[in-house]
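Structure first, then comments.
The values are calculated or read from the model by the stated rules, or taken from the named source; none is laboratory data. Being a predicted model, the structure only gives us computed values, none of them experimental. Here Cβ is always computed from backbone atoms with ideal geometry, including for glycine, and neighbour counts include all displayed protein chains.
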Amino acid sequence: MCRKAININTWNRKDHFSFYSQFEEPFTGVTVQLDCTQAYEKAKAQNKSFFLYYLYRALKAANSIENFRYRIVGKKIFLYDVIHAGPTIGRDDGSFGFALIKYEEDEKLFYEKALQVVEEVRASTGLDPSVTGEDVIHFSAVPWLDFTSVSHARRFSFPDSCPKITFGKMVEENGRKRMAVSIHVHHGLADGYHVGLFVDRFQDLLDGE
């Protein structure tokens, strides 16, 4: 885990961080619709899990944006070199468990390691929230719902600055496939501008860039 401390006094987000860190709920979120036609077809053609296919691209997009790699630890801001995925993994009995899927630039390696983690969580019981830390994005998928918005369970006494990204049901309309994606970020660390950068980059990767 490599990270560097940010000098808040010279940081261009000093005032934003100071302002939004006073809020009981400092997270802001938006839900967008992304085209996943090409991504789904490629995943199926390669006999790959569609979830892991788009998870890799979402994580790659997030790692390309500095603000998605900021975290609050104690009263300090750190910029992590790499962030990983902290997804929920569903089980056959309808329950789910938390997982840590580390980001690998090489997609083949990422996929192989991610498959192993998914299998381990599916074979386990319970939640085990201790598997993740600050250097993650909290991912979840609700493929049963074509939602228009999402809220998250929060314990306000627990410090949390990890972005939260939720994927919805894939829906086909007029020969194209789309999927709702909800993105929540700590407003002291990122704004709508940075969420927009993530959305554009994620869509490019889904399109096969």
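Tallying residues that are assigned to a strand (DSSP E or B) and free of Cβ contacts under 8 Å to residues at least 40 places away in the same chain within the stretch 91-110 yields 3. The combined condition, being touching a strand residue (DSSP E or B) at 6+ places or on another chain (Cβ under 7 Å), basic (Lys, Arg), under 23 Å from Ser95 (Cβ atoms) and modelled with pLDDT of 95 or more, is not fulfilled by Lys177. Residues being within 21 Å of Tyr54 (Cβ to Cβ) and within 16 Å of the chain's Cα centre (by Cα): count how many of those fall in the stretch 136-152. Residues flagged as within 21 Å of Tyr54 (Cβ to Cβ) and within 16 Å of the chain's Cα centre (by Cα) within the stretch 136-152 amount to 11.
Among all residues of the stretch 121-136, there is at least one that is touching a residue at least 40 places away in the same chain (Cβ under 8 Å) and in contact with a Cys (Cβ under 7 Å, 6 or more places away or on another chain). The single residue among Val121, Val185 that is surrounded by 21 or more Cβ atoms within 10 Å (Cβ to Cβ) and part of a helix (DSSP H, G or I) turns out to be Val121. The set of residues from the stretch 150-167 being in contact (Cβ under 8 Å) with a residue 40 or more places away in the chain and either assigned to a strand (DSSP E or B) or more than 25 Å from Thr132 (Cα to Cα) (or both) comprises Lys164, Ile165, Phe167. Scanning the stretch 169-182 for residues that are more than 24 Å from Asn67 (Cβ to Cβ) and part of a strand (DSSP E or B) gives Lys169, Met170, Val171, Glu172, Glu173, Arg176, Lys177, Arg178.
If you check Ala5, Ala39 for being touching a residue at least 12 places away in the same chain (Cβ under 8 Å), among the aliphatic types (A, V, I, L, M) and surrounded by 15 or more Cβ atoms within 10 Å (Cβ to Cβ), only one passes: Ala39. Filter the stretch 124-161 down to residues that are among the small types (Gly, Ala, Ser) and either at pLDDT below 90 or over 20 Å from Ala190 (Cβ atoms) (or both) and give me whichever is surrounded by the fewest Cβ atoms within 10 Å (Cβ to Cβ). If we take residues in the stretch 124-161 being among the small types (Gly, Ala, Ser) and either at pLDDT below 90 or over 20 Å from Ala190 (Cβ atoms) (or both), then Ala153 is surrounded by the fewest Cβ atoms within 10 Å (Cβ to Cβ). May I ask you to verify whether Gly208 is out of contact with any strand residue (DSSP E or B) (no Cβ under 8 Å at 6 or more places or on another chain), of a type in the set (Gly, Ala, Ser) and within 16 Å of Leu34 (Cβ to Cβ)? Criteria met by Gly208.
Among residues of the stretch 184-208 that are more than 19 Å from Glu25 (Cβ to Cβ), those with a Cβ under 8 angstrom from a residue that is in a loop (DSSP other than H, G, I, E, B), sequence gap 6+ or separate chain, pair up as Leu197/Ile65; Phe198/Ile65; Arg201/Ser64; Arg201/Ile65; Leu206/Cys36. Do we find that Ile72 is crowded, with 19+ Cβ neighbours inside 10 Å, in contact (Cβ under 8 Å) with a residue 24 or more places away in the chain, under 22 Å from Tyr193 (Cβ atoms) and more than 15 Å from the chain's Cα centre (by Cα) in this structure? So Ile72 fits the description; yes.
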